[in-house]
1. Given charges of +1 on the Cβ of Lys and Arg and -1 on the Cβ of Asp and Glu, with all other atoms neutral, how large is the dipole of region 40-124 about its Cα centre, in debye to the nearest 20?
2. Residue 423 versus residue 75, label points 7 Å from Cα toward the beta carbon: distance in nm?
3. Please state the charge dipole magnitude for the chain, taken about the Cα centre, from unit charges on C-beta atoms (+1 on K and R, -1 on D and E), reported in debye and rounded to the nearest 20.
4. Which one of 102, 370, 233 has its Cα pushed farthest toward the positive end of the charge dipole of the chain, where Lys and Arg give +1 and Asp and Glu give -1 at the Cβ?
5. Work out, step by step, the length gained on full extension between residue 21 and residue 328: first 0.36 nm times the residue separation, then minus their alpha carbon distance; give nm to one decimal.
6. With 26 Å as the cut-off, how large is the P(r) tail for region 315-459, expressed as percent of Cα-Cα pairs?
7. For the Cα atoms of the chain, what angle does the longest principal axis make with the long axis of helix 437-450, in degrees from 0 to 90, nearest 10?
8. Using label points projected 7 Å from each Cα along Cα→Cβ, tell me how many nm separate residue 455 and residue 552, to one decimal.
Amino acid sequence: GLKDETGINEWEEEDLFWHTKILPILHELEKKDSIEHLCLACTKLYQTLDEGNMLGKRLKRRNILLKTLYKLVDIDSDPLSLKLAKIILAMKVDGKNLLSVCKLAFKICRNKKNDFIVQNDTLLDYLLQVLWNEDLQANHEALVYCMAAIKFMSENAALRSRMVSKGAVEMFLELMKQINNIKEHDTYFSKLGHLLVQLTATLRILADCPAARRRLSDSAAVPELCAALEQRSSDKDLCICIVRVLSKLSTYNDFCAALADCSRCYILFLALLNKYQKQQDLVVRVVFILGNLAAKNDQSREQFFQEKESIDTLTSLFQTYYELDLNAPTWHHDGKGKEHLKHPSEAEDVLIKLIRVLANLSIHPRVGAALAAAHPVVGLLVGVLEYKSLDACEELVINAVTTINNLSYYQVKNSAVQDKKLHIAEMLLKLLMSDNMDAVVEAVRVFGNLSQHHEIRDFIMRKKIYKFMVALLDSKNREVCFPACGVLLNLTVDENKRDFLMEEGGIGKLVDCLQDFGPADWQLSCLICKTLWNYSETRRSAASCFGRDTSTLLMLLTAFLGETHSLG
């Protein structure tokens, strides 16, 4: 008897609540007065339901309330639609009603003009509840619109921060994990691909937020992103979305380290490069990620190198984009009848990042030695120097020279760099004559390695490049002086080439460098001393050898050998 009486009392209370509190507001809404009046009525309705603890599915006349609200949905007013969407979601609708309200939320959020009203309401909370609570397979279409609405919200900095604080990153990754557990033969597999596109696009935007990045680095983001990439490699749009997330996050050390620890990532990236070789927007991001991984440590470099056909894939890609760039128009119209250079082009952008991968890989001794002997790779690098000028694309040219410099370090049998050393020297001569100091320094570094060969030393003397090397000693810049001094050191190995050092004022400049950098830079100081030693090897007296710089040199050497400057 008590149970029945309690039920009757609850029904009577709700009936009273409905007639005295809710029904009057619904009558106001049915009048369809001004938008402002309707918005105020919706606000009042939400507050009343909340205070009466009637949100969700508890209200027995819930269907009547929802029908009244849905009659207002077609009114063309985003502020009103926002109020309606919030109440409908708060009533825990499902099925077609859920799909309908998620579409409404998407329509509101995709309009940037609504950022302010969305930011100052609680629609985000209800959309996150939908993602967390609704069945993935039964409501997959509604979840796509829900996730798309959240994606547009994430473009707003305030909403982005609120999302992260509410655990949205972890929620998204859990959702991705659930989707990854649905295998290819399942009927829902392809349908959920659309949801993954929206989800990963949201993660890419959230990657701009430091708090979100920390959560992505600390959580299982890498395995889930890689699993999605592996399972859905045939979905080009999704693959692009995922690599956009990875490329952005790979610029941060913590995430890049986590990605490097995922042993399958290199296989996945190589598979994508082979499958979508001419899909520039995907390729450019994958090679950017590989460049970041190869920049970190020798383990990453070796792991990539050991993957089957890794260098062949990069070489094939290099050849493809080299040819595309070679045959591409170099001018574009600005719409005003004028023509301007547009750089970097899409092909150049791929080449810039791909060559950076090779440069970073070549730091590893074994990988570098193998690349130095890879004639197709070296041939393409030299080809870039042949057809591309600094004015056309500075970064591409400098990256090519940097890579040649790294490869020229390795004195290996069948070295393609050594085979082409005189041709490379000719190409570098153009860079030495430029007014781009970064290009000049990279070219000098290559000469530093190549001048270990007598043919290059003869070339340097014949082309009077030694004069340029001596002049660079005046730069007062360690990054310039060090490689220049390396070339001079190699030139003084040949007894018949030493006189230029005194004739060009090189002795005085070397002594000045020694004085400027001194014990603060023992590497450069040792290089200078070795050069002076080579020069003085056959001289009979210090005065005849070093001339007026003898006393300064003696004073510096004595000071550097003192206890206060001891290397120990």
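The values are calculated or read from the model by the stated rules, or taken from the named source; none is laboratory data. Everything quoted here is computed from the prediction, not taken from an experiment. Cβ sites come from the backbone with ideal geometry, for glycine too, and all protein chains shown count toward neighbours. Accessible surface areas use protein heavy atoms only, side chains included; no ligands, DNA or RNA. Shrake-Rupley method; radii C 1.70, N 1.55, O 1.52, S 1.80 Å.
1. Roughly 360 debye, rounded to the nearest 20.
2. The two pseudo-label positions are separated by 7.6 nm.
3. 340 debye
4. It is 233.
5. 103.4 nm
6. Result: 24 percent of Cα pairs exceed 26 Å.
7. Roughly 60 degrees between the two axes.
8. 3.9 nm
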